[in-house]
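Asker: To start, I am sharing the structure in question, which I have written as structure tokens.
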């Protein structure tokens, strides 16, 4: 197994949910974690639990800000987790503002982070890049249109990045969970807690820690083993549209 002791790790979207759980787990395994997200106060609260960690207030949608923050930094591990869904309904009734936010965060934001971190890994000949995908990048579902499109894009970028990194010693992985109980649905429904709660009612969804554990598994394999794709489902969820509820 690879050890994370004293390795430097960047986790984007680290202020809550999967990102926060991943930062905590990597720190517990000895990594020096940089927590990046827009909400600096929430990052500070998490970082206070993690000795040796640091906070980076960063909006991944801003290419200039990403370059300024990361362009001179060197990381052993990058977990590109920042992402969100906005809205759920037919494309013909979609909000272009929601579309912009999803595309700018989930696709362009990912590209900016990769652009300003991966070159140093390639030059060094080692490192781990983990993308946070989704089963929505493997199966579409009603109303998911643009969000699903962004996650299909993440999967395409994962496959492209494996080609870019071929022969370098850098490992690239995508971790694609199904329904995870986080703030995701609250964000998707613009703060409507009743709608958000209903998404996870009647069955046991994945938790952020389950996804973080999968990320840790990929990172701690021997150097000659690249766990490329991990797909996680709650036992009660058979597809993006079929969930067995009580």
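The values are calculated or read from the model by the stated rules, or taken from the named source; none is laboratory data. Quick caveat: nothing in here was measured; it's all calculated off a predicted structure. Here the Cβ is made from the backbone with ideal geometry for all residues, glycine too, and neighbour counts use every protein chain on show.
Asker: Residue by residue through the stretch 129-167, note down the ones that are assigned to a loop (DSSP other than H, G, I, E, B) and either within 21 Å of residue 226 (Cβ to Cβ) or at pLDDT below 95 (or both).
Answerer: 133, 134, 138, 165, 166, 167
Asker: If I go through the stretch 206-225 residue by residue, how many of them are under 29 Å from residue 99 (Cα atoms) and surrounded by fewer than 19 Cβ atoms within 10 Å (Cβ to Cβ)?
Answerer: The total comes to 3.
Asker: Restricting attention to the stretch 168-179, does a residue exist that is out of contact with any helix residue (DSSP H, G or I) (no Cβ under 6 Å at 6 or more places or on another chain) and either part of a strand (DSSP E or B) or surrounded by fewer than 18 Cβ atoms within 10 Å (Cβ to Cβ) (or both)?
Answerer: Yes, some residue in the stretch 168-179 is out of contact with any helix residue (DSSP H, G or I) (no Cβ under 6 Å at 6 or more places or on another chain) and either part of a strand (DSSP E or B) or surrounded by fewer than 18 Cβ atoms within 10 Å (Cβ to Cβ) (or both).
Asker: Can you name every residue in the stretch 82-117 that is assigned to a helix (DSSP H, G or I), touching a strand residue (DSSP E or B) at 6+ places or on another chain (Cβ under 6 Å) and over 21 Å from residue 140 (Cβ atoms)?
Answerer: The one that is assigned to a helix (DSSP H, G or I), touching a strand residue (DSSP E or B) at 6+ places or on another chain (Cβ under 6 Å) and over 21 Å from residue 140 (Cβ atoms): 113.
Asker: From the list 144, 127, which one is within 25 Å of residue 4 (Cα to Cα) and buried (at least 19 other Cβ atoms within 10 Å of the Cβ)?
Answerer: 127
Asker: Go through the stretch 34-81 and give me each residue that's without any contact (Cβ under 8 Å) to a residue 24 or more places away in the chain, in contact with a strand residue (DSSP E or B) (Cβ under 9 Å, 6 or more places away or on another chain) and over 24 Å from residue 127 (Cα atoms).
Answerer: Listed by number, the residues that qualify are 38, 40, 44.
Asker: Any residue at all in the stretch 38-61 that is under 15 Å from residue 130 (Cα atoms), surrounded by 22 or more Cβ atoms within 10 Å (Cβ to Cβ) and out of contact with any helix residue (DSSP H, G or I) (no Cβ under 7 Å at 6 or more places or on another chain)?
Answerer: So far as the stretch 38-61 goes, no, none of its residues is under 15 Å from residue 130 (Cα atoms), surrounded by 22 or more Cβ atoms within 10 Å (Cβ to Cβ) and out of contact with any helix residue (DSSP H, G or I) (no Cβ under 7 Å at 6 or more places or on another chain).
Asker: Could you please tell me which pairs satisfy a Cβ distance under 6 Å, a separation of 6+ or placement on different chains, a first residue in the stretch 169-184 that is over 16 Å from residue 214 (Cβ atoms), and a second residue that is in a strand (DSSP E or B) and at pLDDT 95 or above?
Answerer: 170/127
Asker: Now a separate question. Which of the residues spanning the stretch 234-246 are crowded, with 16+ Cβ neighbours inside 10 Å and touching a strand residue (DSSP E or B) at 6+ places or on another chain (Cβ under 8 Å)?
Answerer: Within the stretch 234-246, 234, 236, 237, 243 qualify.
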